[in-house]
């Protein structure tokens, strides 16, 4: 489904050229929920934005389905992007548009008829459990509801691939759980390939089947999520798991203290 070969990306700064991604090789199978984890500054957001060329790679090749994304001209890329949905951490909704209008926007840009837009938007709002919110505005919604609108907008063009850029990091734990459950259901119902980046271990555990670890712009480990937690190989993976183990130990100590005080 997704094949990345020898991807590289650098930025020019006042101090010179700074490499952000180096020699990235990655394959995501069709229908998988695949996670990419790394600490801040590892290059996660740049990598996911290269997939639909919101960021232009310097080197390498990206293949999604049967299209070589890195070889498409501007017109071809616009068409290809209709089959690559993306959800963002900060929702990126139009404040002056209703929920219905936000979700309908990609269909309008693609030139679909009004009857099709009406039917498709209603279908997708029902899927994300917002059928009763079609005519309200983003300011009237909770954070979780705003993210559901973002997911609906990303799905409305019936994409083959859904990209998630830290989509739950601005949400509380209960809302995060509900959004992850929604993504799992979307994956099950639509057989949609989902690639998400995160720094939250709970997200990996709850929703992902396979994963990659990004460290200083390089992929240093790939494999099943279970392997990451049971047998971490890279320094970054070991640090993540070590932080999780430390948190669990401290929580157990606190709970033991509470139990003794009862």
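Read the figures in this text as sums done on the coordinates, not as results from a lab. In this text, all values refer to a predicted model and were calculated from it rather than measured experimentally. Counting neighbours? That spans all protein chains shown, and the Cβs are built from the backbone with ideal geometry, glycine included.
Before moving on, here are some points about what is shown:
- Shape call, region 90-169: gyration tensor on alpha carbons, a/c limit 1.5: oblate
- Here the alpha carbons of region 1-137 define both size measures, Rg and Dmax, at 17.8, 54 Å.
- FRET E, pair residue 109, residue 56, Förster distance 22 Å, beta-carbon r, rounded to 0.05: 0.55
- Gap separating the Cα centres of region 151-193 and region 64-137, nearest whole Å: 14 Å
- Under 18 Å from the residue 79 label point (7 Å along Cα→beta-carbon), backbone N, region 97-113: 107-113
- Coordinate range of the alpha-carbon atoms in the chain per principal axis, descending: 63, 52, 38 Å.
- In units of the rule-of-thumb radius 2.2 N^0.38 Å, region 1-70 shows an alpha carbon radius of gyration of 1.13.
- Within the chain, helix-based [θ] at 222 nm, where runs of 4 or more DSSP H residues each add -39,500 (n - 2.57), nearest 500: -13500 deg cm²/dmol
- For region 129-238, the C-alpha radius of gyration sits at 1.19 times the compact-globule guess of 2.2 N^0.38 Å, with N the residue count.
- Between region 1-60 and region 194-213, the alpha-carbon center distance in angstrom: 16 Å
- Compactness of region 185-240 as Cα Rg over 2.2 N^0.38 Å, two decimals: 1.19
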